[in-house]
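Just below is one structure, and these are the notes that go with it.
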Amino acid sequence: MLKPSKIHRHAMAMLFALHEVIACPSHLSGQTQSETGRAVSTLAWSTDSTGPSRFISVHGRRAAIFGYSEDGLEIWAYPLQILSSLRVAFRSQSTTTGIDGQTILRGVIYSPERLTRIYAGPDFIVREELFVPLDLEGAIISYEVESARPVDVVIRFIPVLDLMWPASLGGQEAVWNDAASAYLLSESTHRFTASVGSPDMVAHDETSNSSRRVGRSPGLAFTIRAGGRDKTARVIVAGSASAQDPSAIAKRLLQEGPSLEKAAVDHYSSLLSHALQIETPDPDTNRALAWSEIALDQAWVCNPVLGCGLVAGYGPSRKARRPQYDWFFAGDGMVALHGLLAAGQYDRARQELEFILKYQDQKTGMIWHELSQSAGWLDWAKYPYMYVHVELTFDFLAAVADYFAATGDQKFVSANWESLQSAYQYCRALLDPKDGLPRIPFDKEGSREQEALSDELTLSASWVAAAQSFANLAAATGHGQVAQQAAAASQQGSRAIAQRYWDERQHFWITGYTRSGAPLIDRAVGPASVLGKLLFSQEQRNSLADQLASSDFQADWGTRGKASSASTYDPNSYASGSVWAIGTAGTATAFWAEHRPATALPIWRALVPWSSLDSLGHMHEALAGDYYHEELESVPEQTWSSASFFTATVNGLLGLHVDGASNRITFAPHLPASWDTVTLRNVHVGASDVRMNMVQSVAEVRLLLQNEGTPVGIVFDPEIPLGAKIRSARIGNRSVVATLKEHPHDSHARMEFNLPHGSTLLTLSYVGGVAIMLAPSQLEVGEPSKDLKITGMHLEGRVLAINFDYRPSGSSSFKLRTPWIISRAQGAAFEAIAPAVYRVTVSASLEDKATHDYQKGKVIVTFASDSRSGVEEKVRSPGGKE
């Protein structure tokens, strides 16, 4: 099981260490190595849950180790798989029978730069450290033994030396080389080579030329010895896809091991010190966010022929030499790019855009779909995978516009203008002149790979965004007429969407149309992002939001890809009912855009436990739709899951948007009522770095800003309790205008001002209002959904109506934080449990309690309107004058 107390201490220690470093920048240059690496080491995350569902992974840019312990590990030096099925066994010097390492594996420690497995034998302890350097094609596996007598470590593996699928080599051979103390792997052309060995070798299998295999275990094995006076023994694995001798790489790994580990520690310490840091009162959230940034960094892979870019994820090879998503997908890269922008990693975001542009179709302007890491060694264009998804070109224009908005990097836009214009022309070529919306050619696909559609709602929405994005880019680079034409095309498409994609009977969107012209109404959640884009009327968006918020779509661990009531729903299907992290993050963001924070928050918070479900710190691709566990086909480390979780946190929960083009920061947080504070460090905008600390109470919000650079424009637009009225807003001793914006489900107070260099304190006070607080889900593997789902709220005067789905057979409750006094509650019981905090428990009849299905419920809370509630206090106008 996980050790939460240890994890929490680690997470908080890391954040406090970062606080000291960032608050005192002058300390950074004088740090020793141990101080520099402290933030990284405190992110170490341990578990004694070491069963078959615990994915093991260690990442470098040019190599990786990963797999499940019971199946054995595989090692890659891109684009080569060097070996598979690596397992370990131990034999004490006092015994003759070896012990399978899997049977005595007792713990795993995940760190950003390494992974450690702990084995507990009858009279020895072994710590196995797996390490992959940042920029070398190899790996170091070391065994530190605590024992009175030496322990023999038996390493068994299957030599592979083959290219990533679909390329392949022939004539592989493994021979023992005494001088190198290693097995040398080669193939007929001798272009691809590898070595697997150890300087601490005791014995090894012979590679005899025989048609018969003596013994039952496949592959090769060798024995190293550690313990006694020589506590540590090492295994060195190296690979080469060029003329470089792998023995030379192995020698560097052996000689430079400590400095390579130091470089990895320094790298992650620098990452954590310079990227956006988010500190909340919840250590689990803090840890998940920090590891999401690490996961994004670990997705950066360098291929010796193709170059460097973001891969889509990591998982063990299945039927072929395809390590799941450990190759390049432009669409996944664009999702990850938004995570990089949210984290302030602008240089890496630009590098990913450049990598995508590198393989743009020069004839059509189309953006590519996927590149195997072996694509440089075969005619990849003959395979039907590269230029197949039309939506990616639309998404690319929006991604570039988002990059420009965050960074103001006009040079990048100007330098790549012809490529951007070519992409835009490709998008325009797909438009139907009747409605100005795109159609999918017969030889291409949209975002849905399961059905052959002629058009999709998501694609049409992407066109609207792409055209407006291109208009913005054109205007920024002096192409005024082009900008006007693109903006007009965007508006035309926007007007046509609701007419084409709305089903009046179900009051739900039409996902798309088949090749025969039939509408596809499958109640899928895919188009959820359109909620916040004003493509449908407010009445239509309300209907969509009410349905998406229900238990039909929402599980305690996220949003189902398809409603559980749909005829084609399959909770264990990859694409027809499972819960995807990217869909969950997008749905939460859409609800925040619709100002429904009581619905958005639990959806977003459902993703936090994903970071501990399998590979610690990383998130799966998809979970089952009916019970909390991984979906069968899911990849254990999915890049866009970590990226979308981080993006939803920054852009949705925190409402943080950096506009480098206009040197402005928008901070519009929907802070949970149960959080009293949040701190953001390293908010990069233009030439400035800004730190924010927000503290909220039942009647006040304080925002302390520290600007280390030149002046910056600030829009501060926090959510305040629903129904609250502004009393005053001040920056220091100076009044500032605060504009109250009331929505059906939340209220905001908006302020705009210029932030000078140095420290600035803003104080916003208000009176009255109510905020709802839902406890986080307590998820256990194998359990069904059981928590209450808020589907709507409405405050009329002093009467609050809350609609929800709940299981009457269980206990359903929530808290209300308010200075108002509850006089009565219809459909629930209530009790005061703290100053200004009530617990509201839903009432259910005995008949209802007999059912285990979700039902719709409603609670109406009436607040007293006398002076005890504080509402008779004198309220200031938005300008701050009485």
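The values are calculated or read from the model by the stated rules, or taken from the named source; none is laboratory data. Quick caveat, the model's predicted, so the values are computed rather than measured. Note that each Cβ is placed from the backbone with ideal geometry, even for glycine, and that neighbours are counted across all protein chains shown. What goes into the accessible areas is simple: the full protein's heavy atoms, side chains included, and nothing from ligands, DNA or RNA. Shrake-Rupley method; radii C 1.70, N 1.55, O 1.52, S 1.80 Å.
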Looking across region 738-757 at residues that are within 33 Å of the chain's Cα centre (by Cα) and among the small types (Gly, Ala, Ser), the single one that is farthest from GLU594 (Cα to Cα) is ALA749
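Which residues, counting only those in region 405-418, are assigned to a helix (DSSP H, G or I) and either open to solvent by 30 Å² or more (accessible area, probe 1.4 Å) or among the acidic types (Asp, Glu) (or both)?
To start, the set of residues in region 405-418 that are assigned to a helix (DSSP H, G or I) comprises 405-407, 410-415, 417-418.
Passing the criteria: ALA405, THR407, GLN410, LYS411, SER414, ALA415, GLU418.
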query = Is there a residue being of a type in the set (Gly, Ala, Ser), closer than 29 Å to GLU113 by Cβ, outside any helix (DSSP H, G or I) and touching a helix residue (DSSP H, G or I) at 6+ places or on another chain (Cβ under 6 Å) anywhere in region 582-601?
reply = no
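Give me the residue from region 526-543 that is within 25 Å of the chain's Cα centre (by Cα) and surrounded by 21 or more Cβ atoms within 10 Å (Cβ to Cβ) and, out of that set, nearest to SER634 (Cα to Cα). Spell out how you get there, then give the answer.
Within region 526-543, the first condition is being within 25 Å of the chain's Cα centre (by Cα), and the residues that meet it are 526-533.
Retained after the next criterion (residues that are surrounded by 21 or more Cβ atoms within 10 Å (Cβ to Cβ)): 526-528, 530-531.
Numbers: GLY526: 18, PRO527: 21, ALA528: 22, VAL530: 26, LEU531: 27 Å.
Here the residue is GLY526.
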Scanning region 518-546 residue by residue, those in a helix (DSSP H, G or I), within 13 Å of TYR501 (Cβ to Cβ), of a type in the set (A, V, I, L, M) and at pLDDT 90 or above turn out to be LEU544
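Mind listing just one residue for me: the one in region 834-854 that is open to solvent by 70 Å² or more (accessible area, probe 1.4 Å) and out of contact with any Asp or Glu (no Cβ under 8 Å at 6 or more places or on another chain) and, of those, nearest to PHE553 (Cα to Cα)? Before you say what the answer is, go through the steps one by one.
Within region 834-854, the subset open to solvent by 70 Å² or more (accessible area, probe 1.4 Å) is 835, 839, 846-847, 849-850, 852-853.
Now restrict to residues that are out of contact with any Asp or Glu (no Cβ under 8 Å at 6 or more places or on another chain): 835, 846-847, 849-850, 852-853.
Details: PRO835: 35, LEU846: 27, GLU847: 25, LYS849: 22, ALA850: 23, HIS852: 17, ASP853: 14 Å.
Here the residue is ASP853.
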Restricting region 70-127 to residues that are open to solvent by less than 60 Å² (accessible area, probe 1.4 Å), free of Cβ contacts under 8 Å to residues at least 60 places away in the same chain and under 28 Å from the mean Cα position of the chain (by Cα), the one farthest from GLY239 (Cα to Cα) turns out to be THR116
Residue pairs qualifying under the 6 Å Cβ cut-off, at least six apart or on distinct chains, with the first in region 261-285 being closer than 16 Å to LEU136 by Cα and in contact (Cβ under 8 Å) with a residue 12 or more places away in the chain and the second being crowded, with 23+ Cβ neighbours inside 10 Å and acidic (Asp, Glu), are ALA264/GLU113; VAL265/GLU113
VAL390 meets each of (1) closer than 25 Å to ALA643 by Cβ; (2) surrounded by fewer than 23 Cβ atoms within 10 Å (Cβ to Cβ) with one exception, condition (2)
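Residues checked against (1) in contact (Cβ under 8 Å) with a residue 24 or more places away in the chain; (2) charged (D, E, K, R); (3) under 28 Å from PHE404 (Cβ atoms); (4) in contact with a Pro (Cβ under 9 Å, 6 or more places away or on another chain):
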{"residue": "ILE294", "(1), (2), (3), (4)": "yes, no, yes, yes"}
{"residue": "TYR314", "(1), (2), (3), (4)": "yes, no, no, yes"}
{"residue": "LEU340", "(1), (2), (3), (4)": "yes, no, yes, no"}
{"residue": "GLN345", "(1), (2), (3), (4)": "yes, no, yes, no"}
Checked region 680-705 for anything surrounded by fewer than 19 Cβ atoms within 10 Å (Cβ to Cβ) and within 22 Å of LEU289 (Cβ to Cβ); matches are ASN693, VAL695, LEU704
Scanning region 438-454 residue by residue, those surrounded by 15 or more Cβ atoms within 10 Å (Cβ to Cβ) and free of Cβ contacts under 8 Å to residues at least 40 places away in the same chain turn out to be ARG439
Can you find even one residue in region 701-720 that is in a strand (DSSP E or B), more than 24 Å from the chain's Cα centre (by Cα), more than 18 Å from GLU752 (Cα to Cα) and polar (S, T, N, Q)?
no
From the option list VAL413, VAL400, single residue qualifying as within 29 Å of the chain's Cα centre (by Cα), touching a residue at least 40 places away in the same chain (Cβ under 8 Å) and under 23 Å from SER460 (Cβ atoms) is VAL400
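For ILE236, are the conditions met, namely being open to solvent by 50 Å² or more (accessible area, probe 1.4 Å) and in contact with a Gly (Cβ under 7 Å, 6 or more places away or on another chain)? Before the answer, list the steps.
Details: open to solvent by 50 Å² or more (accessible area, probe 1.4 Å): no; in contact with a Gly (Cβ under 7 Å, 6 or more places away or on another chain): yes.
So ILE236 does not fit the description; no.
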Counting only residues in region 618-640 that are at pLDDT 95 or above and of a type in the set (A, V, I, L, M, F, W, C), the one surrounded by the fewest Cβ atoms within 10 Å (Cβ to Cβ) is identified as ALA624
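Go through region 364-399 and give me each residue that's in a loop (DSSP other than H, G, I, E, B) and farther than 24 Å from ARG348 by Cα. Steps first, answer last, please.
Filtering region 364-399 for residues in a loop (DSSP other than H, G, I, E, B) gives 364-369, 372-374, 378-379, 383-388, 390.
Residues satisfying the conditions are THR364, LEU378, ASP379, TYR383, PRO384, TYR385, TYR387, VAL388, VAL390.
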Among (1) among the β-branched types (Val, Ile, Thr); (2) out of contact with any strand residue (DSSP E or B) (no Cβ under 8 Å at 6 or more places or on another chain); (3) surrounded by fewer than 24 Cβ atoms within 10 Å (Cβ to Cβ), THR666 falls short only on (2)
Restricted to region 307-343 and to residues being touching a Gly at 6+ places or on another chain (Cβ under 7 Å) and open to solvent by 10 Å² or more (accessible area, probe 1.4 Å), the residue farthest from ALA648 (Cα to Cα) is PRO316
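Do we have any residue at all in region 478-497 that's closer than 29 Å to ILE790 by Cβ and either among the hydrophobic types (A, V, I, L, M, F, W, C) or in contact (Cβ under 8 Å) with a residue 40 or more places away in the chain (or both)?
The first filter runs over region 478-497 and keeps only residues closer than 29 Å to ILE790 by Cβ, leaving 497.
Okay, now just the ones that are also either among the hydrophobic types (A, V, I, L, M, F, W, C) or in contact (Cβ under 8 Å) with a residue 40 or more places away in the chain (or both), so 497.
Checked against the condition, which is being closer than 29 Å to ILE790 by Cβ and either among the hydrophobic types (A, V, I, L, M, F, W, C) or in contact (Cβ under 8 Å) with a residue 40 or more places away in the chain (or both), region 478-497 yields at least one hit.
Within region 199-214, can one find any residue that is under 18 Å from GLN81 (Cα atoms), more than 33 Å from the chain's Cα centre (by Cα) and modelled with pLDDT under 95?
First, pick out the residues of region 199-214 that are under 18 Å from GLN81 (Cα atoms): none.
Taking every residue of region 199-214 in turn, none turns out to be under 18 Å from GLN81 (Cα atoms), more than 33 Å from the chain's Cα centre (by Cα) and modelled with pLDDT under 95.
Just one of ALA643, ALA673, ALA661, ALA648 is open to solvent by 40 Å² or more (accessible area, probe 1.4 Å), out of contact with any Pro (no Cβ under 7 Å at 6 or more places or on another chain) and not aromatic (Phe, Trp, Tyr); which is it? Outline the logic, then answer.
Values: ALA643 fails: open to solvent by 40 Å² or more (accessible area, probe 1.4 Å); ALA673 fails: open to solvent by 40 Å² or more (accessible area, probe 1.4 Å); ALA648 fails: open to solvent by 40 Å² or more (accessible area, probe 1.4 Å).
Going through ALA643, ALA673, ALA661, ALA648 in turn, just one is open to solvent by 40 Å² or more (accessible area, probe 1.4 Å), out of contact with any Pro (no Cβ under 7 Å at 6 or more places or on another chain) and not aromatic (Phe, Trp, Tyr): ALA661.
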Criterion first (touching a strand residue (DSSP E or B) at 6+ places or on another chain (Cβ under 8 Å), open to solvent by 40 Å² or more (accessible area, probe 1.4 Å), within 24 Å of PRO79 (Cβ to Cβ) and acidic (Asp, Glu)) does GLU173 satisfy it? yes
Those residues of region 456-497 that are outside any helix (DSSP H, G or I) and crowded, with 21+ Cβ neighbours inside 10 Å come to a total of 1
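Can you go through ASP435, ASP402, ASP361 and tell me which one is assigned to a loop (DSSP other than H, G, I, E, B), open to solvent by 20 Å² or more (accessible area, probe 1.4 Å), closer than 25 Å to ARG348 by Cβ and not hydroxyl-bearing (Ser, Thr, Tyr)?
Working: ASP435 fails: closer than 25 Å to ARG348 by Cβ; ASP402 fails: assigned to a loop (DSSP other than H, G, I, E, B).
Testing whether each residue is assigned to a loop (DSSP other than H, G, I, E, B), open to solvent by 20 Å² or more (accessible area, probe 1.4 Å), closer than 25 Å to ARG348 by Cβ and not hydroxyl-bearing (Ser, Thr, Tyr) leaves just ASP361.
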Over region 746-760, the set of residues open to solvent by 10 Å² or more (accessible area, probe 1.4 Å) and either in a strand (DSSP E or B) or modelled with pLDDT under 95 (or both) is ARG750, GLU752, PHE753, ASN754, GLY758, SER759, THR760
Taking region 647-674 and keeping residues more than 22 Å from the chain's Cα centre (by Cα) and of a type in the set (A, V, I, L, M, F, W, C) leaves ALA661, ILE665, ALA673
